[in-house]
1. Order ASP281, ASP35, ASP212, most accessible first, counting only protein heavy atoms with a 1.4 angstrom probe.
2. Which order do you get for THR24, THR13 if you rank them by accessible area with a 1.4 Å probe, largest at the top?
3. To the nearest 0.05, what FRET efficiency results for GLU307 and HIS178 with a Förster distance of 41 Å applied to their C-beta separation?
4. What ranking of ILE224, ILE12 comes out by heavy-atom accessible area, probe 1.4 Å, highest first?
5. Take the Cα atoms of region 157-232, build their convex hull, and give its volume per residue in Å³.
6. Using a 1.4 Å probe and ignoring any ligands, DNA or RNA, find the accessible area of ARG349 and quote it in Å² to the nearest 10.
7. How much length, in nm to one decimal, is gained on full extension between ALA161 and THR344, taken as 0.36 nm per residue of separation minus their Cα-Cα distance?
8. Can you give the accessible area of GLU146 in Å² (nearest 10), computed on protein heavy atoms with a 1.4 Å probe?
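The values are calculated or read from the model by the stated rules, or taken from the named source; none is laboratory data. Remember, predicted model here, so these are calculated numbers, not experimental data. All Cβ positions, even for glycine, are placed from backbone atoms using ideal geometry, and neighbour counts span all protein chains on display. Quick note on the areas: whole protein, heavy atoms, side chains included, nothing else; ligands and nucleic acids left out. Shrake-Rupley method; radii C 1.70, N 1.55, O 1.52, S 1.80 Å.
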Amino acid sequence: MAAPRARFYDGITAQVHLADVRATASELVIYRPADSFVLARWPIADAFVLGDIEHEGVPSVACKGSEARLVADDLELRRQLAQLIPHLAKLVAPPAPAGGRVAAFAATLVALLGVFWFAVDYGSEFAAPLLPYSLQVKLGESVYDELTADKDECHGKTGLAAINGLANRLAHAAGYEHPITVHVIAGGPVNAFTLPGGILVFFSDLIDQAKDSSQVAGVLAHEIGHAVHYHPTKGLVRQFGIDLMLKLVSGGYSDVVGTLGTGGSLLLALRNGRAFERDADATGVALLEKLELRADGIASFFEQMLEKEPADMAAATGIWSSHPPTAERIAATKRLPVGRPAFTDSEWRALRNVCK
Ligand SMILES: [Zn+2]
């Protein structure tokens, strides 16, 4: 068994308990690792650091109204607590000079983090809608910049207007209240993906190799399905957890990309699981049908995908996220080629030429 990370003194008896601690939405739960017996539950708001790191090697944590003390001997544990709970920051560093404004901000941060903890504790399903949308946009923009730093973006006005117009009509039909921005990147792979904050990325190879406009519309509708369900934000939150939240909420945007890593690991983190893909497929088809547009493009694009499977890792994300099995996805999204075309002929021509 690993060495206990902390000691707990109950303030009544002289006994030392070997302990560990975890944070929930509102409490520090101090427990015996040996049998999970809960020694104390301290409201996070009432926990404070006694002493400081300059005078004591290991400052202890106390709780208002109690004589009990928690000594976190493990540096990593102190770091976690300090990072999660701003008013316990003294556990690892000398206190920074803080004015009233900073203190007020810290209190807000604690309140926000309480909500996020709760969300993360109970699954990231709930976390994304709770993350302020402006921060989701910031996150998406950071990721976009990182992923496309060495690539050429296409600027054909009419083509971009066509794909952005349809994207926003689809999102609106889903009741999504925020604007969608579609970027087109010159070249390959044949792929498209969605980033937090309603940011969609299409590679021009996908547009070029599509058999008709309904395939592009189908892929677009599928990606809008991801956007309106906040899948990219949920995925990143699940992957990077509270660390990412902290950097976003505290405004450390420049650190965000550092947390996320570079292109390869970002793409892996953005891979959608089976359930997300199924949701996006179903939502995409439903949105096209709701607007009375041709909805056969998703399945026909998947059929085309079956014929040429991508080899490189970068292509194994986005629309290529390969589960559930493609045959199953084709069966679930199969539709007759009925309804209005999603793009007019001139829109489709403009979109084909968006990079020229
Ligand atoms: Zn997808």
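1. Details: ASP281 5, ASP35 85, ASP212 50 Å².
My answer, sorted largest first, is ASP35, ASP212, ASP281.
2. The ordering from most to least exposed comes out as THR13, THR24.
3. Given R0 = 41 Å and the Cβ-Cβ separation, E is 0.70.
4. Working: ILE224 0, ILE12 150 Å².
Ranked from most to least accessible, the order is ILE12, ILE224.
5. Details: hull volume 5.9 nm³, N = 76.
In region 157-232, the Cα convex hull volume per residue is 78 Å³.
6. Roll a 1.4 Å probe over it and ARG349 shows about 140 Å².
7. On the way: separation 183, 0.36 × 183 = 65.88 nm, distance 1.23 nm.
Value of the extension gain: 64.7 nm.
8. Using a 1.4 Å probe on the heavy atoms, I get roughly 50 Å².
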